[in-house]
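Inspection log for the structure reproduced underneath, given as structure tokens.
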Amino acid sequence: MSRIVVLDPNIVNMIAAGEVVERPASVVKELMENSIDAGAGSISVSVLDGGKNLISVNDNGCGMDPDDLAAAFESHATSKVKNNLDLRTIATLGFRGEALPSIASVAQVRAVSRTKDSTGAHSIEIDYGQKQAVKPCSADYGTTIEVRDLFYKTPARRKFLKTRNTELSHVTEQFTRIALAHPEIDMTLSHQEKELYQLYACQSIRQRIKELFSSQISENLIHTQSEEKGLDIQALLGRPEIARTNTRFQYIFLNGRFIRDKFITHAIREAYRGLLEPDRFPVVFLFLQMPYEDVDVNVHPTKIEVRFYNANLVHSQILGCLREKLLGTDLDIPAKIAPADSRIPASNVAKTTGPENQKVVDAMADFFKKHRPVQSQHNLQFTPGKTASARTGTIIEKKAGAVQIHESYLIMQTEDGFVVIDQHALHERIIYEDLRARLGENKLESQKLLIPESFELTDIQADAVDKHHDIIEKLGIELEPFGPKTMAVQAFPVLLSGANPAEFMQDLLDLITDPQLTRDTDKLLEELLCMAACKAAIKAGQRLTESEIEQLLSDRERVQSSSRCPHGRPTTIKFTIGELEKQFKRT
Ligand code: ADP
Ligand code: MG
């Protein structure tokens, strides 16, 4: 009997779904792209439970007649390419004819569609690949596709979905990418029936960036453009002061499609060379247009990677265009307090300038709210020349101490104003400096754990532990085998007593298996120390006792570079009386 069989189409679709449908965000991406390809001027996305329960995408595009509605869910059914010549000049976002059948093979789907010239709409339902007949129904023209309970019959895959908030953040990221690539379309995103974004087609791209991120970002972008040899570049380049700790804020679009490309990322990095600290990454929005035949988009199932036929030319043109603009721009901007009206909307905080800035603004607002009555009661005048304590009266009772606020920040009076200290960032720096100093002398002092903490590891990770045993030993970590694919931490460094040993080991395993780091021992050690400091440091949201605050402040005096955490974020922000006087319109 022959062993080889041709797979059932539904299994084929489920296999394709493995590549195309990873999580609710992938469904959002595929459905929004279909709406764009259908010529929609308006797209609404609505999700429940981070998309795990429901993803619904509605558009006013060309719609489908009943035959197309049934055909759309067949595998490799597409209206976008007809022959191999079309494949060379793909102008649409989709073309593989895989998304709808894949999605419908791993969820409950209902699609309703109506073309512009039809008098009525039609609907179809598919449950885990089981297709029902197309039925007439009533609906406006355009298409609505609802996807319920993704992976509900495949518990192994459902288990991989993360919490509602994590899934929502992936959905938001996909929505953001598509919204940036297509500012000519009205778009809305709702979660639990609450509108998160309402973006209008008439907006400028800057306005869209402001709504999707923050005014801090949109106001600190420098525009440049170039058009040469068929490559059209439009770029919005973030000023160095809004640079980030990773490349997440580099949005690259090619012919209306969000892509990741290592050549372009490299060109961006080169363009900012010397303008940023080495561990900072610029915010960049790059919009590229080039002839469709100069690039192959058929190299990746979700098309996030493309192949340029002349990658060197693309690299050099982008580098030239960006570098010329950056070098010709005065980038030396004096630091200033953000005006109250540039506050970041709360819903955007996590994905924009990072919660830290919003927290400082909130902390400031809170601080002033608490202390304003005291000020007006005493009718204090800020008179330059007088001592700080005389000028601030009872605002800060302890001169040398500090008022922990929001269980995250310390506020301390200084000679000419006050400083806000990020307790986590400062403690991180202190631990980092101590780690460096001690490691320079010897291995770290460790203590035996009362109960060894076990952790699982793969073969690759076990190899890496073997390979880097000297670094692990030097850090004061003692490991012993603890059964199949399991090890246990027997002793852990005293300096890192604030960290959980098993969690720490997970991060350590990530770092020692990162191919980029293992090639460079110095960089690996540096990353390990930063990670260790971060894990062991007191956290934001942690209440501190008086003596802990005192300890932190005295350590601050002791360590070098206490103004920045090891990742380069500030630990301290200074506010002068002069700035306050200006803000309160006293001058
Ligand atoms: P692809 O986009 O690669 O063609 P899909 O499986 O995503 O494959 O979609 C199959 C077909 O269904 C598309 O080619 C298109 O003709 C039709 N279709 C899908 N979504 C829509 C929509 N929102 N409006 C109109 N037609 C659609
Ligand atoms: Mg598609």
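The values are calculated or read from the model by the stated rules, or taken from the named source; none is laboratory data. These figures come from a predicted structure and were not determined experimentally. Here Cβ is always computed from backbone atoms with ideal geometry, including for glycine, and neighbour counts include all displayed protein chains.
For the stretch 220-238, the criterion of being under 27 Å from Arg164 (Cα atoms) and among the basic types (Lys, Arg) is satisfied by no residue at all.
Please determine, by comparing only the residues of the stretch 75-90 that are in contact (Cβ under 8 Å) with a residue 40 or more places away in the chain and near ligand 1 (Cβ under 9 Å from one of its atoms), which one is nearest to Lys153 (Cα to Cα).
Ser75
One residue alone among Leu93, Leu69 is assigned by TED's automatic domain parsing to the domain that holds Ser169, within 31 Å of the chain's Cα centre (by Cα), within 11 Å of ligand 1 (Cβ to nearest atom) and within 26 Å of Ile185 (Cβ to Cβ), and that residue is Leu93.
So that you can scan it fast, the table gives a plain yes or no per residue for (1) β-branched (Val, Ile, Thr); (2) within 24 Å of Ala179 (Cβ to Cβ); (3) not assigned by TED's automatic domain parsing to the domain that holds Ser169:
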residue	(1), (2), (3)
Gln216	no, yes, yes
Ile233	yes, yes, yes
Pro240	no, no, yes
Ile264	yes, yes, yes
Glu270	no, no, yes
Leu276	no, no, yes
Phe285	no, yes, yes
Asp296	no, no, yes
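Mind checking whether some residue in the stretch 25-39 is closer than 27 Å to Pro291 by Cβ, free of Cβ contacts under 8 Å to residues at least 24 places away in the same chain and within 14 Å of ligand 1 (Cβ to nearest atom)? Checked against the condition, which is being closer than 27 Å to Pro291 by Cβ, free of Cβ contacts under 8 Å to residues at least 24 places away in the same chain and within 14 Å of ligand 1 (Cβ to nearest atom), the stretch 25-39 yields at least one hit. Ala536 fulfils the conditions (1) surrounded by fewer than 18 Cβ atoms within 10 Å (Cβ to Cβ); (2) modelled with pLDDT of 90 or more except for a single criterion, (1). Taking Pro501 as the residue in question, decide whether it is under 21 Å from Asp459 (Cα atoms) and either of a type in the set (Lys, Arg) or surrounded by fewer than 13 Cβ atoms within 10 Å (Cβ to Cβ) (or both). Here the answer is no, as Pro501 does not meet what is asked. In the set His182, His170, only one residue is within 23 Å of the chain's Cα centre (by Cα), surrounded by 19 or more Cβ atoms within 10 Å (Cβ to Cβ) and away from ligand 2 (no atom under 16 Å from the Cβ); that residue is His170. Of all residues in the stretch 41-66, those that are assigned to a strand (DSSP E or B), within 8 Å of ligand 1 (Cβ to nearest atom) and under 24 Å from Gln130 (Cβ atoms) total 1. Tell me whether the stretch 106-118 contains one or more residues that are away from ligand 2 (no atom under 16 Å from the Cβ), over 31 Å from the mean Cα position of the chain (by Cα), among the hydroxyl-bearing types (Ser, Thr, Tyr) and assigned by TED's automatic domain parsing to the domain that holds Ile15. So far as the stretch 106-118 goes, yes, one or more of its residues are away from ligand 2 (no atom under 16 Å from the Cβ), over 31 Å from the mean Cα position of the chain (by Cα), among the hydroxyl-bearing types (Ser, Thr, Tyr) and assigned by TED's automatic domain parsing to the domain that holds Ile15. Restricting attention to the stretch 41-82, and to residues there that are buried (at least 18 other Cβ atoms within 10 Å of the Cβ) and on the phi > 0 side of the Ramachandran plot, which single residue is farthest from ligand 2 (Cβ to nearest atom)? Once the filter is applied, the top-ranked residue is Gly50.
In this entry, Asp463 is excluded by the filter for residues that are within 20 Å of Asn246 (Cα to Cα), assigned to a helix (DSSP H, G or I) and among the acidic types (Asp, Glu).
Could we say that Arg3 is away from ligand 2 (no atom under 14 Å from the Cβ) and touching a Gly at 6+ places or on another chain (Cβ under 8 Å) here? Against the criterion (away from ligand 2 (no atom under 14 Å from the Cβ) and touching a Gly at 6+ places or on another chain (Cβ under 8 Å)), Arg3 does not qualify. Among residues of the stretch 102-124 being touching a strand residue (DSSP E or B) at 6+ places or on another chain (Cβ under 6 Å) and part of a loop (DSSP other than H, G, I, E, B), the one that is nearest to ligand 1 (Cβ to nearest atom) is Ala107. Please tell me if Phe151 is within 16 Å of ligand 2 (Cβ to nearest atom) and in a loop (DSSP other than H, G, I, E, B). So Phe151 fails the test.
The residues listed here are Glu428, Glu433, Glu441; of these, the one that is more than 21 Å from Ala502 (Cβ to Cβ) and touching a residue at least 60 places away in the same chain (Cβ under 8 Å) is Glu433. For the stretch 83-101, the candidate set comprises residues that are part of a loop (DSSP other than H, G, I, E, B) and of a type in the set (Gly, Ala, Ser); within that set, the residue that is farthest from ligand 2 (Cβ to nearest atom) is Ala91. Filtering Arg429, Arg438 for residues that are closer than 30 Å to Gly401 by Cα and either assigned to a loop (DSSP other than H, G, I, E, B) or modelled with pLDDT under 90 (or both) leaves a single hit, Arg438. Give me the residue from the stretch 23-40 that is within 14 Å of ligand 2 (Cβ to nearest atom) and part of a loop (DSSP other than H, G, I, E, B) and, out of that set, nearest to Asn165 (Cα to Cα). If we take residues in the stretch 23-40 being within 14 Å of ligand 2 (Cβ to nearest atom) and part of a loop (DSSP other than H, G, I, E, B), then Ala40 is nearest to Asn165 (Cα to Cα).
Restricted to the stretch 498-525, and to residues that are hydroxyl-bearing (Ser, Thr, Tyr) and part of a helix (DSSP H, G or I), which residue is nearest to Lys262 (Cα to Cα)?
Selected residue: Thr518.
Is one or more of the residues making up the stretch 124-140 more than 14 Å from ligand 2 (Cβ to nearest atom), under 31 Å from the mean Cα position of the chain (by Cα) and either of a type outside the set (D, E, K, R) or over 21 Å from Arg23 (Cα atoms) (or both)? No, the conditions are met nowhere in the stretch 124-140.
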